[in-house]
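Encoded as structure tokens, here's the structure I'll be asking about.
The values are calculated or read from the model by the stated rules, or taken from the named source; none is laboratory data. Remember, it's a predicted structure, so these values are computed and weren't measured experimentally. Neighbour counts are summed over all protein chains in view; Cβ atoms, including those assigned to glycine, are modelled from backbone coordinates with ideal geometry. We work out accessible area using only protein heavy atoms, side chains counted, and drop any ligands, DNA or RNA first. Shrake-Rupley method; radii C 1.70, N 1.55, O 1.52, S 1.80 Å.
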Amino acid sequence: MTFRILSLDGGGIRGVVSATMLAAIAQQLSVPLNQYFDMIAGTSTGSILAAAIAMGLSPRNIVELYLKKGSRIFPYESIWSLQRVGLVAKYGISAPKYSDEGLIAVLKEEFKDIKLSEVDATKLLIVSYDTINREPIIFKSWRKKFVEVPLWEACVCSSSAPTYFPAHPLLRKDEGRAVGGTPTTIVFSEEASGDKDDYNRMQIEITDKTGKGQIRTIIDYVGETRAATVDVPWDVIPDDTSIYTIRLLYSTIDGGVAANNPTASAIAEALRLGYEVKDITVLSLGTGSFTRPISLEDAREWGAAEWALPIIDVIFDASSDMNDYIARQILDEYYLRLQFDLDSRWTGKPINNDIDDASPENIRNLIEATNAYLSQQQVQQSLKNFLHSEKI
């Protein structure tokens with residue numbers, strides 16, 4: 001049986017490109033997108049799209065979100081804008097270009113208090129990165145880890161691009177009752193996570209009953225037995241009366257530094273769920289390829305100041321292309337990537353490569369260019385073949 005994955009790239013305001021593609025794709029299906037695809041994966045602006053589609057929002061409404069609310073997320077273009085004075089006063093001259101207040105407000109308006117665990121029409125995967133532990137964070141709607149995180153916050157974690165937005169603090173907190181322990185372990189009940197290493201590096205505090213007041217760090221967790229090994233032996237061994245709280249603070253930034261195109265992550269999760277490569281198909285939507293070159297002279301001469309903003313674009317673009325290469329080698333003809341160059345040849349109008357140009361003119365130009373790309377006969381045929389094919 002075919003396991004269908006929809007993968008959505010990061011790209012800031014250029015997420016309207018993917019949203020426009022999704023609107024066209026939805027017209028070719030007899031069921032909603034969140035019923036057609038078994039998993040929807042997104043990074044950065046793609047996480048916002050993925051969450052919205054997973055919750056059943058219309059792609060047309062998402063296009064309108066970019067048009068009407070994009071300027072609240074990216075309220076100005078120049079780093080010298082007077083609107084940035086508060087950020088400079090708070091963080092110094094090297095402050096992020098934007099506050100995250102607009103981003104958070106817009107996402108809260110869209111997703112309210114819906115939690116990751118409440119997504120049940122399809123599987124939702126969102127990619128972020130933790131600067132403290134220096135590793136990717138993969139939010140998954142079907143796993144216990146992070147299930148209490150609100151959708152809006154998972155999307156903020158995935159969209160906090162370095163230099164553009166400040167890192168977002170995410171506190172993971174789990175509570176429960178132990179079922180026993182040894183001098184160096186504590187055993188959790190069946191309600192705890194069953195995934196190996198899930199609680200590693202987390203701080204555990206016995207908050208009530210036997211062993212109350214003890215604080216340790218979990219250094220190893222065996223999901224199968226729910227047994228956590230702590231860094232220092234217990235003074236009082238926890239038992240089946242012990243109440244505990246586990247905490248870990250993450251410093252989250254844009255998942256694009258790890259996988260701006262989350263296709264490979266989604267394929268890995270499908271395999272982990274028990275599907276074989278022969279079962280999987282992926283539709284991967286980009287947000288437009290950069291066409292603004294960085295000359296050899298500039299690349300050789302630039303220092304930290306000159307690279308500050310361009311390096312993020314380079315990292316995101318390279319990440320997308322690398323994941324595209326990996327997915328293409330794994331799935332071959334059962335992988336379809338919709339992506340085009342961000343230049344004027346589509347409509348004769350200029351397109352800004354920047355991820356934060358939320359001007360109405362630029363957004364309209366992006367939409368028009370996307371429609372021109374989708375109107376190509378080869379693109380239409382490839383999309384038709386993909387949507388109506390089945391793996392046996």
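Checking ASP321 against (1) of a type outside the set (A, V, I, L, M); (2) assigned to a helix (DSSP H, G or I); (3) modelled with pLDDT of 90 or more; (4) open to solvent by 60 Å² or more (accessible area, probe 1.4 Å), which single condition isn't satisfied?
(3)
Out of curiosity, is VAL179 in contact (Cβ under 8 Å) with a residue 40 or more places away in the chain, touching a strand residue (DSSP E or B) at 6+ places or on another chain (Cβ under 6 Å) and open to solvent by less than 10 Å² (accessible area, probe 1.4 Å)?
Criteria not met by VAL179.
Return a yes/no flag: does the stretch 124-139 have any residue that is of a type in the set (Lys, Arg) and surrounded by 15 or more Cβ atoms within 10 Å (Cβ to Cβ).
The answer is no; no qualifying residue exists.
Quick check on ASP195: is it open to solvent by less than 50 Å² (accessible area, probe 1.4 Å) and in a loop (DSSP other than H, G, I, E, B)?
Yes, satisfied.
Suppose the filter is crowded, with 23+ Cβ neighbours inside 10 Å and within 21 Å of the chain's Cα centre (by Cα); does TYR66 pass it?
Spelling it out, TYR66 is indeed crowded, with 23+ Cβ neighbours inside 10 Å and within 21 Å of the chain's Cα centre (by Cα).
If the requirement is being surrounded by fewer than 22 Cβ atoms within 10 Å (Cβ to Cβ) and closer than 26 Å to VAL127 by Cβ, which of these qualifies: GLN28, GLN35, GLN83?
Only one candidate passes the filter, namely GLN35.
What is the one condition in (1) within 21 Å of GLU148 (Cα to Cα); (2) at pLDDT 95 or above; (3) out of contact with any Phe, Trp or Tyr (no Cβ under 6 Å at 6 or more places or on another chain) that PRO238 does not satisfy?
Checking PRO238 against (1) within 21 Å of GLU148 (Cα to Cα); (2) at pLDDT 95 or above; (3) out of contact with any Phe, Trp or Tyr (no Cβ under 6 Å at 6 or more places or on another chain), the one that fails is (1).
Another one. Taking the options ILE355, ILE367, name whichever one is assigned to a loop (DSSP other than H, G, I, E, B), open to solvent by less than 40 Å² (accessible area, probe 1.4 Å), of a type in the set (A, V, I, L, M, F, W, C) and in contact (Cβ under 8 Å) with a residue 24 or more places away in the chain.
ILE355
Can we say ASP332 is acidic (Asp, Glu), open to solvent by 40 Å² or more (accessible area, probe 1.4 Å), on the phi > 0 side of the Ramachandran plot and not in a loop (DSSP other than H, G, I, E, B)?
yes
Moving on. Of the residues ALA50, ALA54, ALA19, which single one is modelled with pLDDT of 95 or more, within 19 Å of the chain's Cα centre (by Cα) and either of a type in the set (Lys, Arg) or closer than 22 Å to ILE253 by Cβ (or both)?
Going through ALA50, ALA54, ALA19 in turn, just one is modelled with pLDDT of 95 or more, within 19 Å of the chain's Cα centre (by Cα) and either of a type in the set (Lys, Arg) or closer than 22 Å to ILE253 by Cβ (or both): ALA50.
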